[in-house]
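The values are calculated or read from the model by the stated rules, or taken from the named source; none is laboratory data. For clarity, every value in this text was computed on a predicted model and none was experimentally measured. A quick note on method: Cβ atoms are made from the backbone with ideal geometry, for glycine too, and the neighbour counts reach across all protein chains shown.
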Amino acid sequence: RRKGKRGRGAAGKVPVFGILERGGKVRVEVVQNVKGETLLELTIKKVKRGSLVYTDRFQSYNGLVSYGFRHKRIDHSKRFANGKVYINGIEGFWSFAKERLMKYHGVNPARFPFYLKELEFRYNYRDADLFDRLIETLGEYARVAVTE
C-alpha cells in the first residue's frame, strides 16, 4: 500500500480521467494533469455540448457551463446523492478498477494505460460472456482481413 497522501495530488500516482454515460459505457484515459484546461478539453472531445454533466465539487470542472454544458455537482463531504444528482456510476468503476489493480501489488507506469484499458473493457462488458465477445471481435477482424 502506498504511504502518504491519498486522493487527488497524491505523489507518485498516475492521474486518470474517467467519464461514464448513465446507462452506457465508461471511458478512461491517463492524463498529464488534472488541471481545468486538461479536463475541459477531454470533456469537450467526449461529450456532446448541451449535455447534462454530473461531477463532484473538484474545481477543475468549474468551466463546464462556459463551454455549453449543463452542470450539476454533488458535494461528497455532505452526501453521495441528491435526487438525480449523483456520480455513483463512475465511483463504482473506480472501486472496480482499484480492487483489480491491487492484486498486482504495483503496476509498471509505462504499462498502466494498457491495464486501464483492459479494466475499461472488463467493466463495460462485465455482464457479457467474454469468450463470446472475443469470438465476435476476432470475427470482425477476420472479415476485414478477407475483404482487403
Check your understanding: Of all residues in region 22-43, which are loosely packed, with under 14 Cβ neighbours inside 10 Å and either more than 19 Å from F112 (Cα to Cα) or charged (D, E, K, R) (or both)?
Key -> R22, G23, G24, K25, K35, E37
Revision key, fill the gap. Across (1) surrounded by 15 or more Cβ atoms within 10 Å (Cβ to Cβ); (2) farther than 17 Å from R122 by Cβ; (3) at pLDDT 80 or above, I74 clears everything bar (3)
Review point. Any idea which of (1) in contact with a Gly (Cβ under 9 Å, 6 or more places away or on another chain); (2) modelled with pLDDT under 90 is the one E37 doesn't satisfy?
Key: (2)
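Could you tell me whether E29 is modelled with pLDDT of 85 or more, closer than 26 Å to R122 by Cβ and not in a loop (DSSP other than H, G, I, E, B)? Explain how you work it out, then say what you get.
On the way: modelled with pLDDT of 85 or more: yes; closer than 26 Å to R122 by Cβ: yes; not in a loop (DSSP other than H, G, I, E, B): yes.
The answer is yes for E29.
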Check your understanding: Under 9 Å by Cβ, and 6 or more places apart or on different chains, what pairs join a residue from region 56-78 that is within 16 Å of K35 (Cβ to Cβ) with one that is surrounded by 13 or more Cβ atoms within 10 Å (Cβ to Cβ) and hydroxyl-bearing (S, T, Y)?
Key -> S60/T38; Y61/T43; Y61/T55; L64/T43; L64/T55; Y67/T43
Practice item. Hey, can you tell me all the residues within region 64-81 that are within 17 Å of E21 (Cβ to Cβ) and more than 19 Å from the chain's Cα centre (by Cα)? Key: R70
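Look through region 11-25, keep the residues that are hydrophobic (A, V, I, L, M, F, W, C) and more than 17 Å from L101 (Cα to Cα), and return whichever of them is modelled with the lowest pLDDT.
So the first thing to find is which residues in region 11-25 are hydrophobic (A, V, I, L, M, F, W, C), and the list is 11, 14, 16-17, 19-20.
Filter once more, so that each one left must be more than 17 Å from L101 (Cα to Cα): 11, 19-20.
Numbers: A11: 69, I19: 88, L20: 85.
Among residues in region 11-25 that are hydrophobic (A, V, I, L, M, F, W, C) and more than 17 Å from L101 (Cα to Cα), the one modelled with the lowest pLDDT is A11.
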Check your understanding: Any chance region 56-63 includes a residue that's surrounded by 15 or more Cβ atoms within 10 Å (Cβ to Cβ), under 12 Å from the mean Cα position of the chain (by Cα), at pLDDT 85 or above and in a loop (DSSP other than H, G, I, E, B)?
Key -> no
